[in-house]
Amino acid sequence: TQLLEQSPQFLSIQEGENLTVYCNSSSVFSSLQWYRQEPGEGPVLLVTVVTGGEVKKLKRLTFQFGDARKDSSLHITAAQPGDTGLYLCAGGTGANNLFFGTGTRLTVIP
Amino acid sequence: KAGVTQTPRYLIKTRGQQVTLSCSPISGHRSVSWYQQTPGQGLQFLFEYFSETQRNKGNFPGRFSGRQFSNSRSEMNVSTLELGDSALYLCASSLRLTGAGNTIYFGEGSWLTVV
């Protein structure tokens, strides 16, 4: 089983601060996805990265896939209360499997 | 375009009973996957169906089963419920089999409480 560890597990910050969430594994993935899940809802896809070293930006969110395709990071600039939620990374393999990380629960305090 | 629809949203069952959950995928999507989400274990893959055939299965006991119909709608069944089966059960649909770079869309989930 490919294990994806996310850190930190919980994060509480003030509005306007920056933060980085990490997703690490000893396994190589062909793709890495990030999701955000809000209470009472299912996860919603934020981004997919497929190339080692790839960086994608989505407004204030910056996603990076590690060169070796074993890890990824999500950086949020100037966090807002609307960013509050559970952030999940998920690694895809060629065998049509998607493995989810342990999750990071982010709270942005106004 | 309607999203993934799961029913029921909330249910309470007693230990030993069985439960059936339903999922209607996005129109045109042929793959349906099921996940169990708990605070302690996170999001864990149960199984995936594509064109009415189970294509992938996670590490869950045989009490967990599923099926997919010709219209791509899917059901999952849990028999002989245990307290530890209390969880949010999420269904996700996609055009193709889940895999590298493929986008999956989740429903809002079915909250199961076993008492």
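The values are calculated or read from the model by the stated rules, or taken from the named source; none is laboratory data. Since the structure is predicted, the reported quantities are computational estimates derived from the model, not experimental observations. FYI the Cβ positions are ideal-geometry reconstructions off the backbone, even for glycines, and counts take in every protein chain you see. With ligands, DNA and RNA removed, areas are computed over all heavy atoms of the protein, side chains included. Shrake-Rupley method; radii C 1.70, N 1.55, O 1.52, S 1.80 Å.
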Would you mind working out the accessible area per residue for the protein assembly as shown, using a 1.4 Å probe, and quoting it in Å²?
47
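Within the accessible area of region B:1-88, what % is carbon and sulfur when the probe is 1.4 Å and the other protein chains stay in place? Each step should come with its number before you reach the end.
On the way: 2040 of 4450 Å².
Using a 1.4 Å probe with all protein chains present, region B:1-88 comes out at 46 percent carbon and sulfur.
Of all accessible surface on region A:24-87 at a 1.4 Å probe, what whole percent is carbon and sulfur? Mind dumping the intermediate values first?
Working: 1420 of 2850 Å².
Carbon with sulfur: 50 percent of the solvent-accessible area.
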Projecting the Cα atoms of B:S51, B:V4, B:L90 onto the charge dipole of chain B, where Lys and Arg contribute +1 and Asp and Glu -1 at Cβ, the residue farthest towards the positive end is B:S51
Cα gyration tensor shape for region B:1-55, rounded if a/c is under 1.5, else prolate or oblate
prolate
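Tell me, Kirkwood radius of the protein assembly as shown from alpha-carbon pair distances, in Å?
Computed over Cα pairs of the protein assembly as shown, the Kirkwood hydrodynamic radius comes out at 17.9 Å.
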Signed unit charges on C-beta, dipole axis of the protein assembly as shown, positive-most listed residue A:L3, A:Q80, B:L112:
B:L112
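So for chain A, what percent of the C-alpha to C-alpha distances run longer than 23 Å? Before the final figure, lay out the partial values.
Details: 1274 of 5995 pairs.
Everything past 23 Å amounts to 21 percent.
Give me the orientation-averaged projected area of the Cα convex hull of chain B, in nm², one decimal.
Values: hull surface 27.0 nm².
Hull-based average projected area comes out at 6.8 nm².
Which value, in debye to the nearest 20, gives the size of the charge dipole of chain A about its Cα centre, when Lys and Arg are +1 and Asp and Glu are -1 at the Cβ? Mind showing how you got there, number by number?
Details: 8 positive and 9 negative charges, 42 e Å.
Its charge dipole is roughly 200 debye.
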Hey, in the protein assembly as shown, which Cys have no second cysteine's beta-carbon closer than 4.7 Å?
none
Need the list of aspartates and glutamates near A:K56 for cross-linking: C-alpha distance under 19 angstrom, and skip anything on the same chain fewer than eight residues off.
A:D67, A:D71, A:D83
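Can you give the charge dipole size of the protein assembly as shown about its Cα centre, rounded to the nearest 20 debye, using +1 on the beta carbon of Lys and Arg and -1 on the beta carbon of Asp and Glu?
Numbers: 19 positive and 15 negative charges, 106 e Å.
So the magnitude is around 500 debye.
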In whole Hz, the Karplus estimates of ³J(HN,Hα) for region A:28-41 (6.51, -1.76, 1.60; θ = phi - 60°; x where Gly or Pro) are 8, 10, 7, 7, 9, 10, 10, 10, 10, 10, 9, x, x, 10
As a test of the definition: with a 1.4 Å probe, what buried accessible area, both sides summed, do you compute for B against A, in Å² to the nearest 100?
1400
Straight distance only, please: which aspartates and glutamates reach the Cα of A:K70 with their own Cα at less than 14 Å, same-chain residues fewer than 8 apart left out?
A:E5, A:E54
Alpha-carbon centroids, region B:63-98 and region A:1-51: separation in whole Å:
24
